[in-house]
Structures are given as C-alpha cells and as structure tokens.
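Notes for the one structure printed next.
The values are calculated or read from the model by the stated rules, or taken from the named source; none is laboratory data. Not measured: the values here are computed from a predicted model. Note that each Cβ is placed from the backbone with ideal geometry, even for glycine, and that neighbours are counted across all protein chains shown. The protein model used for the area step is the full one, side chains on, heavy atoms only, and it has no ligands, DNA or RNA in it. Shrake-Rupley method; radii C 1.70, N 1.55, O 1.52, S 1.80 Å.
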Amino acid sequence: MRRRTPTAGLALALFAAVTATLTTTAASAAPAPVSAAPALAAAAPDISVTNVQAHLTQLNTIATNNGGTRRAGSAGYTASVSYVKAKLQAAGYTVTEQYCSACTYPSNNLIAEWPQGPADQVVMFGAHLDSVSAGPGINDNGSGSATLLENALVLAQQNPSMTKRVRFAWWTDEEQGLNGSEFYVNQLSATQRGYIKGYYNFDMVGSTNGGYFINRLTSTTAAPLKAYWDSLNLQPEENVEGQGRSDDYSFQQAGIPTSGYAAGASARKTSAQATKWGGTANVAYDSCYHRSCDTTSNVSATVLNRSADGVAYAIWQLAVGGGTPTNDFSVAVSPTSGSVARGGSTTATVSTATTSGSAQTVSLSATGAPSGVTVSFSPSSVTSGGSATMTVSTSATATTGTFTITVTGTGSVTRSAAYTLTVTGTGGCAGGQLIGNSGFESGSAPWTASSGVVTNSSSQAARTGSYKAWLDGYGSSHTDTLSQSVSIPAGCSSYTLSFWLHIDTAETTTGTAYDKLTVQVGSTTLATYSNLNAASGYAQRSFNLAAYAGQTVTLKWTGVEDASLQTSFVIDDVTLQVG
C-alpha cells in the first residue's frame, strides 16, 4: 500500500494522471456492477495457507538475494515477476508482461488470464507485487500477491466450467503512486473497460494485528467477499484506511466497480475491534509497515487463510458455473453502535445486498430494544441492494445501559445484523466530555475521515501526542472531511464545542480565500476558515451548542483546496464539554 505524501509536486502529478484517466473514459458508459452469482453445485475449494506461505517464503528469499528489497524496477522485483510468471505458465494461463513506461521505476505488470468463459465478461483480481525500498514487503504486498497466485493455481487445477472469464494481475510501481495499475487502465479501450464487470484488490491481507476490512463494504460488488467473512462471524468493516491508496482506485476512477480485502496497515486497532477480532488495541495493524522487518514472520496465518479462502469463494460465486439460482441477501448496519441520552434519538443506515440469485423484497424489523426505546425504519422494506434509515428513539424514562439490538431482514430467507445501543442519563444533565478519541491517538474510530486524514506524519506536528487530523495540504484540487456523530443530552447548563486548529499555507495573497475549512453541526455552518487565517502554532476555537441539546448531531469539518499552492488545516484535541 502506498503512503500519503502531501508534497505539491507529487500531488499535482497524481491529479494530472487521474484527470487524464477520467478524460479518457468520459465518452464511454461505465460497466454495470458485477452481481454475485447463484449458489453453486460445487463448493469453492479450500485454499491451503501452507501453499500461500510457501510463495511468501520464495518472495522473501528473492528479496534477501537482491539487497533486501523487491522495489519496482529492481532486480528483486524482476525476479518476483519471473517466479509468479513461471508458475502461471506451467498451470496453463495466458500470461503477458506489460511494460509500464510511465512508471517512476519503469518495469512490468504481469497479467494472467484463464482461457475459459466469455471474453467479454471479465472478473479481475489484482494485487501489487512491488515492495518499498526499505524491506522485502512480505505482508505489503507479498500477502496479496501470494494469495492470488495460489488461487490461480487451484482454479487451473480444478478446471471447472466458467460463466465468466477470470483475469489476474500483479501490479508494478504501486508504492510510487499506483502507477502500474493506472497505466494498465489507461491503455484499455472503452470497449475493453466495459468487459471488466468487477475488479477486486488485495493489499496487505495477512497483518499480524490485523482486522477484517472490505473495500466498499455495502456494495453489490463486495457481496461475495462479505458473505464469506460473514459466514465466519467476523463482522468486517469498511476499509477506511485504504481508500484511494491502492490499485482499486485506478479502476474506480475509470468507472469499473471495485472491492477487495485488507487487514490494515499503520492505523491502530481500536478497543472495539480488539474485542471482536482479537489482537492488541491501540497498536498498528502492521507494526512493520514499510519497514525492513516486513518478512515472513510479519504475517498472521489465520488472517491470511481467511483472506485466501474468501478469494476462492468470490471466484466460485462470480465466475464458476453450475447449480440452480438460490435467492439470498445480506444485511449490515452502519455504524454498528450508537449512544443516545434519555429523551433523544440517533440514526444508522441499514444496507442490504443481493449475495446470490435475484433481488427480492426485504422487510426490516428489530428486536432487543429495552423499555422506553423504539426502533423504526424508513422505508420499512427495501429491494435487496437498497438501504433504509434506522431511527432509535428514547423516552425520558428509558432503561439505561448497553443493549444488543438485532436488525432482521425477512425475505425468502432471514438475515440479521447486530447493533449495540447505549442509553445514558438518569434525568437532568448527563454531563461530561462527549467526543470519542478526541486527540486521535486511538486510531480513526469513532471518527469518519477521508483517507490519510488521521495521521502521525511528522510533516505537521500534533498539538499533543503523536496523532492529529490533517485536512488538505496537497497543493491541488482536493477535498477532505472529518466527522463524528454525537448524542447531546438535554438539561445541561453549558454545551461547549472546542478544538485546536493550526493553519499552514503556501498561498501569498492577503485578500483572497483560496482554500477553506468549513465547520458544521448537521447542515448548520458554525464557522469558515481559510488560508487568510494561517498562523504559527495552534489556536483554540470554541462554540456554544446549547441549541442542539437532546439531539444526535454530526460534527463535520470539510477542507476544500484549489488547484495550486497548499493549505493545511490541522485539527487536534476536539472536545464537547457539557455540564
């Protein structure tokens, strides 16, 4: 996975590349999202994690023999391509190497296609094969590369009848800015892009303190990946950390539906995630991310095995023939938990997806709510693939505590998802500090933020601790957001929202606000700051939110940067103190 590098030169280069991609594809209609295939007569095979680990050992040896790295353009990368290519050719794949002349380190993408199934109905699976210069890159991204290689070999060995064409790709120069995959997509004609019904990306799928993340979790494209992990009761989450940072972004920008698995990089595992997945809270998912210690010992066999088997499940669901369609769907709630004071309310989104067969009508209901709490849905039924708003309302005498509410979708089958509700307040003012993870030191949750916003980058100092929220700073047209939903109790005498803001800019004007930061509560704008407010150090900003007592609101910061000269809006130590 590439690292965010907020320098003006690279940001402008990436912006130009993306603009070129969009211009190339504007004249062509985007392909329809790939649908999950019907339930199959033949079950997906079990992928041997031992075999996947054997590929990782080979990649580690290649790095050791070539200066400790498999960086794009290096001898270690060339040897990695040769290893994967030889395995695929021996298995019967149609294999091509594509020279990426536009890459930072010109080198080859490796494309392998299983020569069965209709050529105009392609499901594509990809992973980047290069590492950073600092190490062998075994989790990042030998894990994704080895997972796809073993899946490709098993598909060839079983040689089932195919309903779609399966294409695998191993990308070069991802670590320098997704260059290999972008080059590949830009070389496709509009017709060729239309053939690709879905692209699935696998970047860092064996992190030692890993989580279970899926790109575009609630999309139809993600349905088979989610269905497999749901069958293991893993409760996967959206891959927020990886948004825009791996090769699926190149396909997404071309209008091709995307998804994929990830186990996490340098962001820290939250306490809630450690509770449901195991591992250590407040520690990075991969503590050897982009370091020399990213070797074969830096991979969790359990996480790797679940990822590899999930890929096989997706291949069989999407592209292997046989069986009579069985209509099925999944249900998910986002966020998966919420807190509300007596007399208040909160909302969540209930999403459904067709996981096999045809779409169907799904009726929504909820059980497990305590006395004084009501749960309603708008609309009360959806067609699978659609979503509804769930509203949880509490009376002034609602039972306090933490409860599990089961959200159930009923159609030809019954599927459910869990939502954790905390009811607070015993009458009067339930005071205190309401912002979760106010200093950003515990990872991203419960914040929702654009990729790379919550960071410990040394390029901008935190006010306290190591982490802060850094919006914009790219020096090109860019928008970043940061938000958190908060339930504000009624009956208090003070409601003070405060945060510390540092604004750093390269703009030289003294009269024009080119780059802006907007602070909102719900749809109401509290304040707008710009490059004209730039100053050294942090300044505290405070607002009275008494008007929102008894409500659940979303606090949101939106940074919008124009096409040139960076402005960084750096936020730390956010509090909402009521009492």
(request) Evaluate the following for THR295: is it hydroxyl-bearing (Ser, Thr, Tyr), in contact with a Ser or Thr (Cβ under 7 Å, 6 or more places away or on another chain) and open to solvent by 10 Å² or more (accessible area, probe 1.4 Å)? (result) no
(message) Return the pair list, or none, for Cβ contacts closer than 7 Å from residues in the stretch 562-579 that are at positive phi and among the charged types (D, E, K, R) to residues that are open to solvent by 10 Å² or more (accessible area, probe 1.4 Å) and part of a strand (DSSP E or B), at least 6 apart or on different chains.
(response) ASP573/TRP500
(request) Assess whether ASP230 counts as being within 24 Å of ASN109 (Cα to Cα), touching a strand residue (DSSP E or B) at 6+ places or on another chain (Cβ under 8 Å) and among the acidic types (Asp, Glu). (result) no
(message) Any residue at all in the stretch 414-424 that's open to solvent by less than 20 Å² (accessible area, probe 1.4 Å), in a loop (DSSP other than H, G, I, E, B) and either under 27 Å from ARG268 (Cα atoms) or of a type in the set (A, V, I, L, M) (or both)?
(response) no
(request) Determine, yes or no, whether THR397 is in contact with a Lys or Arg (Cβ under 9 Å, 6 or more places away or on another chain) and either touching a residue at least 40 places away in the same chain (Cβ under 8 Å) or closer than 16 Å to VAL331 by Cα (or both). (result) yes
(request) Show the residue pairs that are 6+ apart or on different chains and have beta-carbon atoms under 7 Å apart, the first residue being within the stretch 495-513 and free of Cβ contacts under 8 Å to residues at least 24 places away in the same chain, the second being surrounded by fewer than 18 Cβ atoms within 10 Å (Cβ to Cβ) and of a type outside the set (Phe, Trp, Tyr). (result) ALA513/LEU532
(message) Restricting to the stretch 109-149, name every residue that is among the polar types (S, T, N, Q) and crowded, with 24+ Cβ neighbours inside 10 Å.
(response) ASN109, SER131, ASN139, ASN141, SER143, SER145, THR147
(message) Of everything in the stretch 267-280, what is in contact (Cβ under 8 Å) with a residue 60 or more places away in the chain, open to solvent by 40 Å² or more (accessible area, probe 1.4 Å) and not in a strand (DSSP E or B)? Give them in sequence order.
(response) SER271, ALA272, GLY279, THR280
(request) Output the number of residues of the stretch 380-410 satisfying the condition of being under 17 Å from GLY338 (Cβ atoms) and either outside any strand (DSSP E or B) or open to solvent by 60 Å² or more (accessible area, probe 1.4 Å) (or both). (result) 8
(request) With a cut-off of at least 3 residues that are touching a Phe, Trp or Tyr at 6+ places or on another chain (Cβ under 8 Å), name the helices (runs of 4 or more DSSP H) lying wholly within the stretch 116-220. (result) 143-158, 179-187
(request) Can you give me the number of residues within the stretch 482-504 that are more than 29 Å from GLY579 (Cβ to Cβ) and not charged (D, E, K, R)? (result) 1
(message) Let me spell it out: the conditions are (1) of a type outside the set (D, E, K, R); (2) within 19 Å of ARG541 (Cβ to Cβ); (3) at pLDDT 95 or above; (4) part of a loop (DSSP other than H, G, I, E, B), and TYR474 meets all of them except one. Which number is the exception?
(response) (2)
(request) Mind listing whichever residues of the stretch 335-346 are open to solvent by 50 Å² or more (accessible area, probe 1.4 Å), within 25 Å of ALA490 (Cβ to Cβ) and under 22 Å from the mean Cα position of the chain (by Cα)? (result) PRO335, SER337
